[in-house]
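Note sheet for the following structure.
The values are calculated or read from the model by the stated rules, or taken from the named source; none is laboratory data. From a predicted model like this one, the values you see are computed outputs, not experimental measurements. Note that we place each Cβ from the backbone using ideal geometry, even for glycine, and neighbour counts take in every protein chain shown. Surface areas here come from the heavy atoms of the whole protein model, side chains and all, with no ligands, DNA or RNA. Shrake-Rupley method; radii C 1.70, N 1.55, O 1.52, S 1.80 Å.
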Amino acid sequence: MAQSKDSFSLLDTHQLEDMKSPRVAIVHTEWNEQIVGELLSGCEHIINKFSGEVVEKLAVPGCFELSFACRQLWEHYAGKEQRPEAIISFGAVIRGGTPHFDYVCKAVTEGILQLNLMLPIPVIFGVLTLDNEAQAWERLGGPHGHKGEEAAITALKMIKIGRSR
């Protein structure tokens, strides 16, 4: 979720104040651990602020594995009462000197898209795609907001939509 002078309504949480116990699962990468750790911290801050529950956090080696793990997590909870109402995927891909960056970014983006079309709950794209590490910190409390917090707000808004249907 990009932040700009025209998108402050995306961060408006007023409509979430009456939510009752939203349940979220998080799938995150082990790769780029410091960056992903900060995404998780911001996300958990928002989930806790709205009395939500993180029903599970699942770590995977890298971004390419996020889609598979999100689907496995959903299937694990199928039929259970306390299953997640949204899954948030977190990772960070930093451009290097080879086309690997492009392949991973395309694969993870398409994988999360497919999950959103296939699963009955939203899968939130919390993957930072960056040219360098400095850009990550600009998106973790710097001039571009905090993408972990924004992913949590997005999940909560999507849960609210799902509950109203």
- request: Quick one: which residues, 5+ away or cross-chain, put their amide H under 5 Å from the amide H of Ala59? H built at 1.01 Å from N.
  value: His28
task: Restrict the search to the stretch 72-155; then list the GluC sites (Glu not before Pro) that DSSP places in a loop and that have at most 13 other Cβ atoms within 10 Å of their Cβ.
output: Glu81
- request: List every residue whose amide H lies under 5 Å from the amide H of Ala92, counting only residues 5 or more places away in sequence or on a different chain, with H placed 1.01 Å from N in the peptide plane.
  value: Leu128
message: Give me the percent relative contact order of the stretch 61-165, please, defined on Cα pairs under 8 angstrom at least 6 residues apart.
response: 30 percent
- prompt: So which residue, out of Phe101, Phe64, Phe125, gets the largest mean-square fluctuation from a GNM of the chain using Cα contacts under 10 Å as springs?
  reply: Phe101
- prompt: Ranked from the most accessible area to the least, with a 1.4 Å probe and all protein chains present, what is the order of Ile153, Ile94?
  reply: Ile94, Ile153
- prompt: With all protein chains present and a 1.4 Å probe, how do Leu128, Leu117 order by accessible area, largest first?
  reply: Leu117, Leu128
- request: May I ask which of Lys80/Lys106; Lys57/Lys160; Lys106/Lys160; Lys80/Lys147 have a Cα-Cα span longer than 27 Å here?
  value: Lys80/Lys106; Lys106/Lys160; Lys80/Lys147
message: Among Gly162, Gln114, His144, which residue has its Cα furthest toward the positive end of the charge dipole of the stretch 50-165, with +1 on Lys/Arg Cβ and -1 on Asp/Glu Cβ?
response: Gly162
task: Quick one: which residues, 5 or more positions from Glu53 or on another chain, have an amide H under 5 Å from its amide H? H modelled 1.01 Å from N in the peptide plane, none for Pro or chain starts.
output: Arg23, Val24
statement: Phi-derived 3J(HN,Hα) across the stretch 138-151 with the Karplus relation (6.51, -1.76, 1.60, θ = phi - 60°), rounded Hz, x for Gly and Pro, is 5, 9, 10, x, x, x, 9, x, 10, 5, x, 5, 5, 5
field: Taking all pairs of distinct alpha-carbon atoms in the stretch 53-165, Kirkwood radius in angstrom
entry: 15.0 Å
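When only the heavy atoms of the protein chains count and the probe is 1.4 Å, how do Thr98, Thr109, Thr13 rank by accessible area, highest first?
Numbers: Thr98 85, Thr109 65, Thr13 25 Å².
Accessible-area ranking of Thr98, Thr109, Thr13, largest first: Thr98, Thr109, Thr13.
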field: Phi to ³J(HN,Hα) by Karplus 6.51 cos²θ - 1.76 cosθ + 1.60 over the stretch 96-109, Hz, x for Gly, Pro
entry: x, x, 10, x, 3, 3, 4, 5, 5, 4, 5, 5, 5, 5
- request: Consider just the alpha-carbon atoms of the stretch 3-80 and return their Rg together with their Dmax, both in angstrom.
  value: 14.6, 42
statement: With -39,500 (n - 2.57) per DSSP H segment of 4 or more residues and division by the full residue count of the chain, the 222 nm estimate, nearest 500 deg cm²/dmol, is -14000 deg cm²/dmol
message: Please list 3J(HN,Hα) in residue order for the stretch 11-19, calculated via the Karplus relation 6.51 cos²θ - 1.76 cosθ + 1.60 where θ = phi - 60°; whole Hz, with x for glycine and proline.
response: 8, 6, 10, 3, 5, 9, 4, 9, 5
